[in-house]
Amino acid sequence: MKGALLINLGSPDSPNPKDVKKYLGEFLMDERVIDLPKALRAFLVKGIILNTRPKKSAKAYKKIWWDEGSPLIVLSKRLQEAVQNKVSVPMGLAMRYGSPSIEEGIKSLVDQGVDEIMLIPLYPQFAMATTETILVLAEEIKNEKYPELEFTVLPPFYNHPDYIRVLSNSIQEDLKDKEWEHLLFSYHGIPERHIRKSDITKSHCKIDKSCCQTASEAHQYCYRHQCFETTRQVAEYLELKEGTYSTSFQSRLGVDPWLQPYTDQTVARFAKKGIKNMAIVTPAFVSDCLETLEEIGMEAAEDFEEKGGEELHVIPCINTRTDWVNVMSRWIDQWAKAETVTSA
């Protein structure tokens, strides 16, 4: 029997510093998140970061925490339930970090008699620290505990016509009747070295002005290319004029070079240039979370106003939009019927 497992990033169990510390420890000790030798990673994470960051992060989580719990978890559960109502196979939910774990998600499906699982990383674009770490862990669990289990993986959908249509419609509907001068596509940042590590050609990804626009097999694993391509296709779909939109990267950590331009600097620059009404969308995220609700919705919005802007309008993630639920349901049903996942 077939089943599908939605997998998102995860969240602390509560905004309490103790729970935040536990979550950050699991997250930051992942070798695909902080890709340093284990001893150095442990020194950095356990010796430095976890002694200071949990209290700060806990304050941020408290700002966005819902009565039902973490917005990311709540929205992911709502998506699972909405899709389950439309598909013919059992649905599970898991988080790469925190609870419910990927092992728990797999077990919940196996206990229902499932022997073939469609893994659905809820990330439109591929990256070492998102899609890859999910698939590696899932495979380890399978090999150790469920060797007869079969996996099928939903590929990154950053350029899938269905996703582009849903994302574009969400932007268009949210900005209807609103005045805006510039639309910023803000994606989660990653270190530049992750791009080079993911380059299967070992030579294409120069992280310059041309490599992401030059055709290459490296693009199937290039997060930077996939982000720019999502922006390009949405802009084309919405017929946005050149100069009225741009791409940036948020949430950088540490001193190593990360993908640029940085969102915080970009927002400040537009405000200083005289842009009064700016819109921002976060297409690296399917579900609203700390990075969209607090970092962008609060910090970036406040910074924009302090630098002279009037309103930074944040467009919600696609979350549980009906058209997104319909798309996800169709992809799963097509797979369950042994069909190729196609657009409508």
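The values are calculated or read from the model by the stated rules, or taken from the named source; none is laboratory data. Since we're looking at a predicted model, the values are computed, not measured. We place every Cβ from the backbone using ideal geometry, glycine too, and count neighbours over all the protein chains shown.
Return the total of residues in the range 167-188 being crowded, with 16+ Cβ neighbours inside 10 Å and either on the phi > 0 side of the Ramachandran plot or outside any helix (DSSP H, G or I) (or both).
8
So, in the range 44-74, how many residues would count as being in contact with a Cys (Cβ under 9 Å, 6 or more places away or on another chain) and either free of Cβ contacts under 8 Å to residues at least 40 places away in the same chain or not hydrophobic (A, V, I, L, M, F, W, C) (or both)?
2
Of the residues Leu238, Leu312, Leu253, which is exposed (fewer than 15 other Cβ atoms within 10 Å of the Cβ) and either of a type outside the set (Gly, Ala, Ser) or within 24 Å of Ile207 (Cα to Cα) (or both)?
After applying the criteria, what remains is Leu253.
Output the residues belonging to the range 103-119 that are of a type in the set (A, V, I, L, M, F, W, C) and farther than 25 Å from Met29 by Cβ.
Hits for the range 103-119 are Leu109, Val110, Val114, Ile117, Met118.
What about Val45, is it more than 19 Å from the chain's Cα centre (by Cα), farther than 18 Å from Leu154 by Cα and either at pLDDT 95 or above or part of a helix (DSSP H, G or I) (or both)?
yes
Assuming Arg193 fulfils every condition listed in (1) surrounded by fewer than 15 Cβ atoms within 10 Å (Cβ to Cβ); (2) touching a strand residue (DSSP E or B) at 6+ places or on another chain (Cβ under 6 Å); (3) under 19 Å from Thr131 (Cβ atoms) apart from one, which condition is it?
(2)
Yes/no per residue for (1) out of contact with any Leu (no Cβ under 7 Å at 6 or more places or on another chain); (2) under 28 Å from Leu28 (Cα atoms); (3) in contact (Cβ under 8 Å) with a residue 40 or more places away in the chain:
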site	(1), (2), (3)
His188	yes, yes, yes
Arg193	yes, yes, yes
Thr214	yes, no, no
Val255	yes, yes, no
Cys289	no, yes, yes
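What are the residues in the range 256-284 that are part of a loop (DSSP other than H, G, I, E, B) and of a type in the set (D, E, K, R), if any?
Passing the criteria: Asp256, Lys276.
I'm trying to understand the selection: among the residues of the range 190-206, which are in contact with a helix residue (DSSP H, G or I) (Cβ under 9 Å, 6 or more places away or on another chain) and assigned to a helix (DSSP H, G or I)?
Within the range 190-206, Glu192, His194, Ile195, Lys197 meet the criteria.
Need at least 2 residues that are of a type outside the set (Val, Ile, Thr) and buried (at least 19 other Cβ atoms within 10 Å of the Cβ) per element, so show me which strands (runs of 3 or more DSSP E) inside the range 81-155 make the cut, counting only ones lying wholly within it.
Hits in the range 81-155: 91-98, 116-121.
Name, by its number, the condition in (1) within 21 Å of Ile134 (Cβ to Cβ); (2) among the hydrophobic types (A, V, I, L, M, F, W, C); (3) within 20 Å of the chain's Cα centre (by Cα); (4) assigned to a helix (DSSP H, G or I) that does not hold for Ala60.
(1)
Working only within the range 207-255, note down all residues that are over 25 Å from Lys176 (Cβ atoms), assigned to a helix (DSSP H, G or I) and charged (D, E, K, R).
Within the range 207-255, Glu217, Arg224, Glu229 meet the criteria.
Residue check, Glu294 against (1) at pLDDT 95 or above; (2) within 27 Å of Pro121 (Cβ to Cβ); (3) not in a helix (DSSP H, G or I), all met but one. Which one?
(3)
Which of (1) under 19 Å from Ala127 (Cβ atoms); (2) buried (at least 17 other Cβ atoms within 10 Å of the Cβ); (3) touching a residue at least 60 places away in the same chain (Cβ under 8 Å); (4) not hydrophobic (A, V, I, L, M, F, W, C) does Arg41 not meet, given it meets every other one?
(3)
Is it fair to say Asn143 is at pLDDT 95 or above and either over 21 Å from Asp333 (Cβ atoms) or acidic (Asp, Glu) (or both)?
Yes; evaluated as a whole, the condition is true for this residue.
Go through (1) of a type in the set (Ser, Thr, Tyr); (2) at pLDDT 95 or above; (3) in the same structural domain as Ala235 (by TED's automatic domain parsing) and name the single condition Ser251 misses.
In the conditions (1) of a type in the set (Ser, Thr, Tyr); (2) at pLDDT 95 or above; (3) in the same structural domain as Ala235 (by TED's automatic domain parsing), Ser251 misses (2) alone.
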